[in-house]
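Data first, discussion second: the structure below is written as structure tokens.
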Amino acid sequence: MLLPQVAGPIGVFDSGYGGLTILRELRALMPQYDYLYLGDNARAPYGTRSFDVVCRYTRQAVVTLFERGCHLVVLACNTASAKALRTIQQNDLPHLDPRRRVLGVIRPTAEVVGSLTRSRHVGILATTGTIISQSYDMEISKLHPDIVVIGQDCPMWVPLVENFEFDSPGADFFVKKRIDMLLQHDPAIDTIILGCTHYPLLLPKIRQFTPESVTIVSQGEYVAQSLRTYFINHPEMEARITGGGTLHCLTTESTDKFNSTAVHFLGHNIEAESIVLS
């Protein structure tokens, strides 16, 4: 495959809208770079799909971002990071372009949690697919073998966000129920990771129903800090990123729907481009 070698934007991919919370933090910390966001909204959600399907869809997205000039792509999606990242890194990149990089959101979060928990008991709130994959359990165990990890799936939380019910009184029951279930399972938990990029929009509700003594870890800021450190340690990659401070968004859904939804995640209006992944 012949890929463009000139410098290009940072690619950010998600199956839907949640990755926009990661994009927001990346741009807040590193506004000088250009960014290209791709949401596979027409085929979301990925959480219920098989490993093979998630790998295929994610690879299509990565190739598209590479073809549009990205030398580095962040999988701002926990499902893609859990089910596709390693396969793409080990099997696809050597053939596509071994100089390019694809990074995920799970490892940066797992790295930082060791310095946040005192009890060494950590909870994960995530989609059913991410919990079943045990990706956080495995990554945290590799980095911090002494930490006990308890996962709790929250099947209603993404629909609450995508239907703009994240700040409604109706969300209270669903948010409180899952937090209570997690803490009842292990009362020693003192740190909770929000293992889905949609969940930052539920933060006010999550904080409302979580004891003040419990630290809540939202991924975006840690992924952004990790990427900044990556560029410091890999100046050759940083040199391949253009610095115009621009943002362009791609979606596999209708642009009207994407634009009207994205404003809730980004806090400002955008004009997306509709594409087809194959």
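None of the figures in this text is laboratory data; all of them are computed from the coordinates on show. Owing to the predicted nature of the structure, the values given are computational and were not obtained by experimental measurement. So basically every Cβ, Gly included, is an ideal-geometry build from the backbone, and we count neighbours across all protein chains shown.
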| query | Based on the mean of other beta carbon atoms within 10 Å per residue, what is the order of 110-116, 151-157, most packed first? | reply | 151-157, 110-116
| field | DSSP-defined beta bridges in the chain - what % are antiparallel, rounded to 5 | value | 0 percent
| With the calculation restricted to Cα positions, what are the radius of gyration and Dmax of the chain in angstrom? | 18.0, 54
| query | Under a point-charge model restricted to the Cβ atoms of Lys and Arg (+1) and Asp and Glu (-1), what is the dipole moment magnitude of the chain relative to its Cα centre, in debye to the nearest 20? | reply | 400 debye
| Let a ≥ b ≥ c be the square roots of the eigenvalues of the Cα gyration tensor of region 96-191; is it rounded (a/c under 1.5), or, if not, prolate (a/b larger than b/c) or oblate? | oblate
| field | Net charge of neighbours whose Cβ lies under 12 Å from the Cβ of Thr191, counting Lys and Arg as +1 and Asp and Glu as -1 | value | 0
| Ordered by packing density, taken as the mean number of other Cβ atoms within 10 Å over each peptide's residues, highest first, how do 215-225, 65-75 rank? | 65-75, 215-225
| request: Using only the alpha carbon atoms of region 10-76, find the Kirkwood hydrodynamic radius as the inverse mean reciprocal pair distance, in angstroms to one decimal. | output: 12.2 Å
| said: Explain nothing, just the number: dipole magnitude of region 46-117 about its Cα centre with +1 on each Lys and Arg Cβ and -1 on each Asp and Glu Cβ, in debye rounded to the nearest 20. | reply: 40 debye
| remark: Gyration tensor on Cα atoms of region 194-253, a ≥ b ≥ c root eigenvalues, a/c under 1.5 rounded, else prolate if a/b beats b/c, else oblate, says oblate
| query | Could you list log10 I(q)/I(0) for region 131-270 at q = 0.10, 0.11, 0.12, 0.15 Å⁻¹, which the Debye formula gives when each Cα is one point scatterer? | reply | -0.47, -0.57, -0.67, -0.97
| task | Answer with one residue from Pro94, Ala224, His185: the one whose Cα lies farthest towards the positive end of the charge dipole of the chain, charges on Cβ with Lys, Arg +1 and Asp, Glu -1. | result | Pro94
| query | When the chain is treated as a GNM, springs tying every alpha-carbon pair under 10 Å, which of Ala76, Ala84, Ala188 comes out with the largest mean-square fluctuation? | reply | Ala188
| query | Using the Cβ atoms and a cut-off under 13 Å, what net charge is assigned to the surroundings of Met138, where Lys and Arg are +1 and Asp and Glu are -1? | reply | +2
| field | Dipole in debye (nearest 20) - region 184-262, about Cα centre, beta carbon charges: Lys, Arg +1; Asp, Glu -1 | value | 140 debye
| query | If you count, for each residue, the other Cβ atoms within 10 Å and average over each peptide, how do 11-17, 134-140 line up from highest to lowest? | reply | 11-17, 134-140
